[in-house]
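Take a look at the structure set out below.
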């Protein structure tokens, strides 16, 4: 059993290395597509993710990290994570040991602790002008984060090709110039075929509320950490038939 | 007059010129001195205070050269190699220095010579002034042997043997000298003559690279300071490029006319040398000075120094070259890190560092991007870990089905949650070798509520063995 596991793991790694090498040689990094469900998130833009309240904030953050991890599969971009220090005791601090699950390389991450809203916006604007994935946590509604401020972020990102993920409270009614606006809530995780009572792959209920391209929709998204991709979950969150028949297809998961 | 307690008596430690004229001497008992002159004003000496004041004075002397060394309170060595041109000659420096110290209310003796030892000898026992290059051995020849910075016992022995002047030692064979008077004598003699090296430890690390400008007309506005700094940055950048080096720390020292130094430091996450980048870093910081910015009667000397110099290859800009594109991106990222760090504070712009520990809150720590990477790096463990961690675990009320199982329900921040699914326990023992260790074992559970919220909880203490009623905590959030 152990030997098989090792062999599959080796095969998987080899595949990945070939993928990476292929990309290096052909300069495929131009294919900078990033899909959130069926919707493409354009580079060089601000994308807003809103969560119901502080308890749903980690879910929104997780979805954004999954997106960062998926984007990181294509090319290694720095991830710049900006937040306010004084919220740390209430909302917690980014935890390095949890990032690799989402395929985010912590070595590429920069964590910026800003004193106040003004500093957050300044840092976000500086970061947006860099070809990076920028995560801005902005959970407290504030008058400074208005149309002008978001437009400035959008302009900065347009120039550099950065994707700026703005995390906000859904109750924040402030206007925004973001390219897409999502509302995220946690969803019960997928079934773990090995452990019925345990947690499976994380899932989110993501609704595209606004988009400059006119798209709308609501999906349940699932993070496939094996292949580092965000997939649309099956409409049934729990499988009805016995897991037995599916063993072979779930082998990767079982091995890991 | 200053006195202090030595050998169980109050003795004179230092005095002014008038007291010296009256025949008092160092080490004399204060009681004896009082008997001779009852009107004596004596103050107790504070060694630490003295040292502090002297250090301040020494820092002000850094205007002459960045290499200023204090080995003993009351003595300062300044390495002015290469600085003469800036001031218009060695005699000008000497004159300027002594008059500056006198104006500050102290008396001073100073000499300039090829070696620190010779300069010391002349300042203490000989004639003040500048000794021509190569003439130092002749200049100290007629001085007493004490001028060689010898321990008193050693100079006493030399005197008893009739060796009273320095020149008497010049021609002596080395082996017998060492045999009879220990190595110290030869070392000191060699140092005075320039045959032995004398390492000097500067009060603040001497920069390998610096550029400075002495102004005929002092400047006081921030704009003027910046306009002078720009060419200095150019000079410095030029020197760094020439040597294929970059620096991680830069310092601007502004020397005020009235003996005051303002210093501003900026750090860089990666070795830097671009003049524009350096100026941009300082620009923010100088603007930030505001209240601390006090030009007084103006600044007369500006110095820009580079510290923590590291090799930095010269980048070739080739069009359509992917490699150089990557390098340009790295450089841009380094500049972004520097800008953020210097504006928000170095400790606020961090990367993750992983430590070799099982304790979750200690396993990953933030460490400034601007910091030397000398600590060993570990890789994060493979276990399931949350994306956000509470700096302090919060106690929750939990109800479990069995004492050593996951909870069924819990209450956190006054809101009740049901547990639909759970993984665990993952047992993490506290590290007994840690000083603040509580010693309690933690059993961690990943749990999910029916709505899909995912938390990281732990039970502290092994049921039955470590505690009768284990407490529950919420430590982190899974996405």
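Throughout, read-outs are computed from the coordinates displayed, never taken from laboratory work. Remember, predicted model here, so these are calculated numbers, not experimental data. Every residue, glycine as well, gets a Cβ built from its backbone with ideal geometry; the counts of neighbours run over all protein chains shown.
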Q) Expressed as a rounded percentage, what relative contact order does the stretch B:5-141 have, with Cα pairs under 8 Å and six or more residues apart? A) 12 percent
**Q.** Estimated FRET transfer efficiency (residue B:414, residue A:227; beta-carbon r; R0 51 Å; 0.05)
**A.** 0.80
Q) Between residue B:244 and residue B:378, what FRET efficiency follows from the Cβ-Cβ distance if R0 is 45 Å, with the result rounded to 0.05? A) 0.85
Q: May I ask you to sort B:228, A:80 by Cβ crowding, counting other Cβ atoms within 10 Å and putting the fewest first?
A: B:228, A:80
Q: Between residue B:451 and residue B:178, with labels modelled 7 Å along Cα→Cβ, what's the label distance in nm to one decimal, could you check?
A: 8.4 nm
Q | Length gained when the stretch residue B:356-residue B:280 is fully extended (0.36 nm per residue, less Cα-Cα span) | A | 23.5 nm
(Q) As I understand it, the value is the acute angle between the Cα axis of helix B:174-193 and the longest principal axis of the Cα atoms of chain B; what does it come to in degrees, rounded to 10? (A) 80 degrees
Q. Using only helices, what value at 222 nm comes out for the protein assembly as shown when you add -39,500 (n - 2.57) per DSSP H run of length 4 or more and divide by the total residues, to the nearest 500 deg cm²/dmol?
A. -9500 deg cm²/dmol
Q. In nm, to one decimal, how far is the residue B:96 label point from the residue B:260 one, both placed 7 Å along Cα→Cβ?
A. 2.0 nm
Q: Provide the FRET efficiency to the nearest 0.05 for the residue B:142-residue B:297 pair, computing r from the beta carbons and using R0 = 45 Å.
A: 0.55
(Q) When the expected Rg is taken as 2.2 N^0.38 Å, what fraction or multiple of it is the alpha-carbon Rg of chain B? (A) 1.44
**Q.** Nearest-ten-degree value, helix B:116-125 long axis tilted from longest Cα axis of chain B
**A.** 50 degrees
Q) Within 10 Å of each Cβ of A:192-205, how many other protein chain Cβ atoms are there on average? A) 3
Q: For the stretch B:370-430 and the stretch B:167-204, compute the distance between their C-alpha centroids and round to whole Å.
A: 67 Å
Q: Could you work out how far the C-alpha centroid of the stretch B:121-150 sits from that of the stretch B:36-108, in angstrom?
A: 19 Å
Q: Order by neighbour count: B:77, B:458, fewest other Cβ atoms within 10 Å first, most last.
A: B:77, B:458
Q | Percentage relative contact order, the stretch B:188-322, counting C-alpha pairs under 8 Å, at least six apart | A | 37 percent
**Q.** Residue order, fewest to most beta carbons within 10 Å, for B:343, B:456
**A.** B:343, B:456
**Q.** Degrees between helix B:222-242 axis and first principal axis of chain B (Cα, 0 to 90, nearest 10)
**A.** 90 degrees
Q: Could you work out how far apart the two model spin labels at residue A:73 and residue B:399 are, taking each label as a point 7 Å from the Cα in the direction of the beta carbon, and quote it in nm?
A: 4.3 nm
Q) Under the definition of partner shielding as Cβ atoms of other protein chains within 10 Å of a residue Cβ, what is the mean value for peptide A:109-120? A) 4
Q: Hey, for a label at residue B:104 modelled as a point 7 Å past Cα toward Cβ, could you say which residues of the stretch B:197-228 have their backbone N under 16 Å away?
A: B:203-204
**Q.** the stretch B:220-251 and the stretch A:145-182: distance between their alpha carbon centers, rounded to Å
**A.** 37 Å
Q: Run the numbers on chain B and let me know its relative contact order in percent, using alpha-carbon pairs under 8 Å that are six or more apart.
A: 8 percent
